[in-house]
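Every number here is computed from the coordinates shown, using simple stated rules; none is lab data. No experiment lies behind these values; they were computed from the predicted model shown. Don't worry about glycine lacking a Cβ; one is built from the backbone with ideal geometry, like all the others, and counts go over all protein chains shown.
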Ligand SMILES: [Zn+2]
Ligand SMILES: [Zn+2]
């Protein structure tokens, strides 16, 4: 579909973005580059939603399709050794959002060259996907009231699937998530005289074990859910019983009821385990992203387009990881899609310091966007 030199240029944009990663809401250089290229191809460009967001439109009237790419990087020290490795210490594109951005730009160039016959194509370049919820901020600031769309789509490269695979589930795609910090407080004392202090360490250990049992015992065995304690901080000496411990972690689920049950149980278990050891617990529990749930007609459209390209659309998943595209799917019908992007041999996962977007799948991702835009704007 694309000229070879256009593909080479898109890969060069990807490498340039990779060399200059920017964290959530700080994607100024990235945003500048995207807006400049789009304007040069004749897109109507709007900037400023969520600060660094870029929205661009081509065509007129209904139907309107929205295509979204995330643009932010992660606070990770890169260890790929690639020629295009990050030049900014402690920041890297370890989730492939550089690839998502380049894919949508390559598609935008092609769509502009072909023209939009009927309806409107709306491109959404979204900041801060990684745990900050840039999608929510764009929606709250009027994304879909200023730029109404009939359907919206997002793609993530998926290193767990081989190139040529493409997944568009009809419903559950990615889980909802929360984060929690539990501070356990009690009386500290001499390590040789436990009877004179409260059981802060025992409470922390029992709480960690009990929290992780919640999905197994409080949810139906048919209902997915996860509680992971990922940090425990306490103590400073061999012979001192500490007076404070902090546990932190994350919960995942799909159904609204499961989310309520998990939160209530986390609070109850932490309070009860602390009390059993003579301690108190301060619980900070924050819900972050809702579940990413596709609508079936849009998922089916995406599979049709992928199949027309010869991609294998066999279903797999869902994933218990989370994605802030959920905030857009809460507003508008649409689908979140996985593009197989694994590598032969060593294949680091998303968020690994050795992860590097697989450029070999960039043209397929862009071609999917162009074909989807053609199909969706035909009405
Ligand atoms: Zn990520
Ligand atoms: Zn990502």
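Observations, loosely collected:
- Measuring nothing but how far apart in sequence close Cα pairs (under 8 Å, 6+ apart) lie, relative to its length, segment 70-210 scores a relative contact order of 18 percent.
- Going by neighbour counts of Cβ atoms within 10 Å, the residues 174, 33 line up, fewest first, as 33, 174.
- Exposure proxy ranking for 220, 248, 322, based on other Cβ atoms within 10 angstrom of each Cβ and starting from the fewest, stands as 220, 248, 322.
- Here the spin labels are modelled as points 7 Å beyond Cα on the Cα-Cβ line, and at residue 230 and residue 60 they lie 4.9 nm apart.
- Sorting 229, 269 from the fewest to the most surrounding beta carbons within 10 angstrom yields 229, 269.
- The chain: angle of helix 256-276 to the longest principal axis, Cα-based, in degrees nearest 10: 20
- Rounded to the nearest 10 degrees, the inclination of helix 362-377 to the longest alpha-carbon principal axis of the chain is 70 degrees.
- The simple Förster model, with R0 at 45 Å and r as the Cβ-Cβ distance, assigns residue 257 and residue 3 a FRET efficiency of 0.30.
- Shown is the FRET efficiency for residue 280 and residue 172, computed with R0 = 35 Å from the Cβ-Cβ distance and rounded to the nearest 0.05: 0.40.
- The stretch between residue 144 and residue 187, if pulled fully straight at 0.36 nm per residue, gains 10.2 nm over its current Cα-Cα span.
- Helix 4-19 and the longest principal axis of the C-alpha atoms of the chain enclose an angle of approximately 30°.
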